[in-house]
Amino acid sequence: MKTLYSLLIAVALAGTTSALAADKLFVDSQTVRQAQKTLSDRGFRTGGIDGKMGPQTQAALVNFQRAEKLQPTGKLDRPTLAALGLQKSDGTAASADERRYSRATIRKVEETLNARGFKAGPVDGTLDETTRTALRAFQKSETIQVTGNLNPRTLERLGIDDNTASAGSSQRSAEPSSATIREVQRQLASRGYRPGPADGVLGRATGAALTEFQRKENLPQTGRPDRATLAALGVRTG
């Protein structure tokens, strides 16, 4: 009986030690500091970057988790670390550009790549190999350095403002309506450009036609129907 009791105690202690070790993966001071810095950069107040999980840091985590539609635990669990860009969903370390850019920015990149005909895969805010392959194809088409990584030049060519995208979906600049895109396509076609059918979809052909129009008009070559481009085309939005 005594031997059995000792064995049960040993198993219980082993389980506790394992659980503590697993928890430590998510709450060591270095990870907390990285989380605090990322939260602060995104406008959540952590009360400082000290590597301690104090009440303000936990409150900031809860607000962040709610914004990302995660369970508001106030803890640095795996989904939260992935949403912060500090780890991937499988627990492996995030790449440098995933740490640098928010998931909102990466989602915007994926949306834009897909809209232009580059197959970036699901819009999930993760720079997986499918998204990187699409990035390489886009970079090659723009004759910029082909890395498959995000950088300021690639974002500029995609027409994405990282500050705007990182602020969250509620603060992103509004996408043009399909009616506006149809009018853009009509205007481009009437001027000799080839945007494809006037279907209200900002696809690859339309993006290329916009870029060519912007080049000739000495506008930033974003391939997007931004305000300056709409004004040059004589398209009114409302």
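Every number in this text was worked out from the coordinates using simple rules, so none of it is lab data. If you're wondering where the values come from, they're calculated on a predicted model, not measured in any experiment.
Measuring against 22 Å, Cα to Cα, the residue pairs Lys119/Lys140; Lys69/Lys108; Lys52/Lys75; Lys75/Lys108; Lys37/Lys75 contain Lys75/Lys108 as the ones spanning a longer distance. Once backbone amide H atoms are built at 1.01 Å from N, Gly125 has Arg107 as its partners under 5 Å, excluding neighbours fewer than 5 places away on the same chain.
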